[in-house]
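Where a number appears in this text, it was derived from the coordinates with a stated rule and is not lab data. The structure displayed is predicted, hence computed values, not measured ones. FYI the Cβ positions are ideal-geometry reconstructions off the backbone, even for glycines, and counts take in every protein chain you see.
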Amino acid sequence: AFQPRVFSGVQPTGNLHLGNYLGAIVRFVEMQKTHDCIYCVVDLHAITVWQDPAALRTQIREVTAAFLAAGIDPEAHIVFNQSQVSAHAELAWIFNCVARLGWLNRMTQFKEKAGKDRENASVGLYAYPNLMSADILAYRATHVPVGEDQKQHLELARDTAAKFNHDFADSIAALGLGVGDDGFFPQPEPLIQGPATRVMSLRDGSKKMSKSDPSDNSRINLTDDADAIAQKIRRAKTDPEPLPSELDGLKGRPEADNLVGIYAALIGKPKADVLAEFGGAQFSVFKPALADLAVDRLAPVAGKMRELLADPAHIDAVLGRGAERARAIAAPILADVKDIVGL
Ligand code: ADP
Ligand code: NA
């Protein structure tokens, strides 16, 4: 069997928001207790849409600072920047030649991000899922904590791993590079868990909170101050009913469900626990409680991020060390892949 290993990444594309924090980063921190973890600032993914070069450099440090501020330990685990480890791009090319056009044509995130002007989307935006498969499989990672939006990409990574194992089965066997009967690559498992796997926009319960939607000023950013957080929660769209006392009562109430899910994730408990406490309460009571909680939880992270960002050389040193350690794992795996393919 494959050695359990966690890989995940966050794009340095702008303000980190509550969805990234609860859907991904908080989970990354938890996984450290039970797994060897590799966490990546995926800058090659970021440039699939145009980024201002100076801003991109800052954003790479910001995501790194957020990882560290949230409690990721770069000594016990690995924190690095994707473009510093060339195995990602090299393996992505090989996967471009394994994955099928029809698979990529089904990716809903490409359709959303490319929008109506699809002919004008970058080729990179289209091939993005193959780079993501490479990110994970360059380390033969077995577990990938992500938000719900990444589920389809993880399925593609699994299909790509399986097709590689199948297409090159004889070569893998001849070189003795399989792991038991499982082939060369594991089937990476998405870990989409907890009450906030899909944090929705606070002004439109049908859209996810995303940094890629610059027009959404309801988004709670990790670095917002207390007033901004409280105001955004106060203004969040809701319905006129009080909160239900049972989970069933959240059905058909996406805005209420979203706010309860955020509260639950912030206290690290299931939604049912929140309803046990707030069932029957009006939003005029629940929203201020949620705002206080969010400020309590996010302010220390934002403060720590500011401290870290005051010393960019330290952040760069952390990333440099992380890249070396990441390379030490990925380089021999890539060398085996090249042997298997006959390169
Ligand atoms: P974005 O989607 O905001 O551009 P990324 O693509 O960098 O951010 O995603 C980083 C991580 O955050 C991924 O694991 C993704 O699934 C998670 N994530 C992004 N948005 C949300 C959300 N609204 N709710 C929960 N998780 C999210
Ligand atoms: Na995303």
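Fully extending the segment from E241 to A55, taken as 0.36 nm per residue of separation minus the present Cα-Cα distance, adds 62.6 nm.
Between region 279-343 and region 1-60, what is the C-alpha centre distance in whole Å? So the two Cα centres are separated by 6 Å.
Taking the square roots of 5 times each eigenvalue of the Cα gyration tensor of region 37-138, largest first, gives ellipsoid semi-axes of 26, 18, 12 Å. Taking 27 Å as the straight-line reach from the Cα of K269, the lysines in range (excluding those fewer than 8 positions away in the same chain) are K33, K151, K207, K208, K211, K232, K237, K251, K287, K304.
Cross-link partners for K113 among the aspartates and glutamates, with Cα-Cα distance under 20 Å and sequence neighbours closer than 8 places in the same chain left out: D43, D52, E148, D149, E155, D204, D213, D216. The mean sequence distance of close C-alpha pairs (under 8 Å, at least 6 residues apart), as a share of the length of region 98-245, puts its relative contact order at 20 percent.
Dividing the convex hull volume of the alpha carbon atoms of region 226-307 by its residue count gives 83 Å³ per residue.
Each of the peptides 254-261, 58-65 was scored by the mean count of other Cβ atoms within 10 Å over its residues; in descending order, highest first, they stand as 58-65, 254-261. In region 179-324, a dipole from Cβ-located charges (positive for Lys and Arg, negative for Asp and Glu) runs towards its positive end, and of A294, A196, F185 it is A294 whose Cα lies farthest in that direction. Over region 226-307, Cα pairs under 8 Å with separation of 6+ residues give a relative contact order of 39 percent.
Counted by neighbouring Cβ atoms within 10 Å, the residues R27, R106, R158, R321 run from fewest to most as R106, R321, R158, R27. Work out the charge dipole of region 1-142 with +1 on the Cβ of Lys and Arg and -1 on the Cβ of Asp and Glu about the Cα centre, then indicate which of A65, F95, Q84 is farthest towards its positive end. Of the candidates, F95 comes out farthest on the positive side.
Its relative contact order, with pairs defined as Cα atoms under 8 Å and 6+ residues apart, puts region 223-274 at 25 percent.
If the chain linking A228 and D316 were pulled fully straight, counting 0.36 nm for each residue of separation and taking away their Cα-Cα distance, it would gain 28.7 nm. To the nearest 500 deg cm²/dmol, what mean residue ellipticity at 222 nm is calculated for the chain from DSSP H runs of n ≥ 4 alone, each contributing -39,500 (n - 2.57), summed and divided by the residues? Computed ellipticity for the chain at 222 nm equals -16500 deg cm²/dmol. When each of K211, K338 is scored by the number of other beta-carbon atoms lying within 10 Å, the sequence from fewest to most is K338, K211. Taking the square roots of five times each eigenvalue of the Cα gyration tensor of the chain, the equivalent ellipsoid has semi-axes of 36, 22, 20 Å, listed largest first. Projecting the Cα atoms of L334, V260, V26 onto the charge dipole of the chain (Cβ charges, centred on the Cα centre) puts V260 farthest toward the positive pole. Evaluated with a Cβ-only charge set (Lys, Arg +1; Asp, Glu -1), region 63-191 carries a dipole of roughly 440 debye about its Cα centre, given to the nearest 20. Rounded to the nearest 20, the size of the Cβ-charge dipole of the chain about its Cα centre is 520 debye, with Lys and Arg at +1 and Asp and Glu at -1.
Within a straight-line Cα-Cα reach of under 27 Å, K338 can be paired with the following lysines, leaving aside sequence neighbours fewer than 8 residues apart in one chain: K163.
Axis angle, to the nearest 10 degrees, between helix 254-267 and the longest C-alpha principal axis of the chain: 80 degrees. Each Lys and Arg Cβ is given +1 and each Asp and Glu Cβ -1; about its Cα centre, region 226-307 then shows a dipole of about 340 debye.
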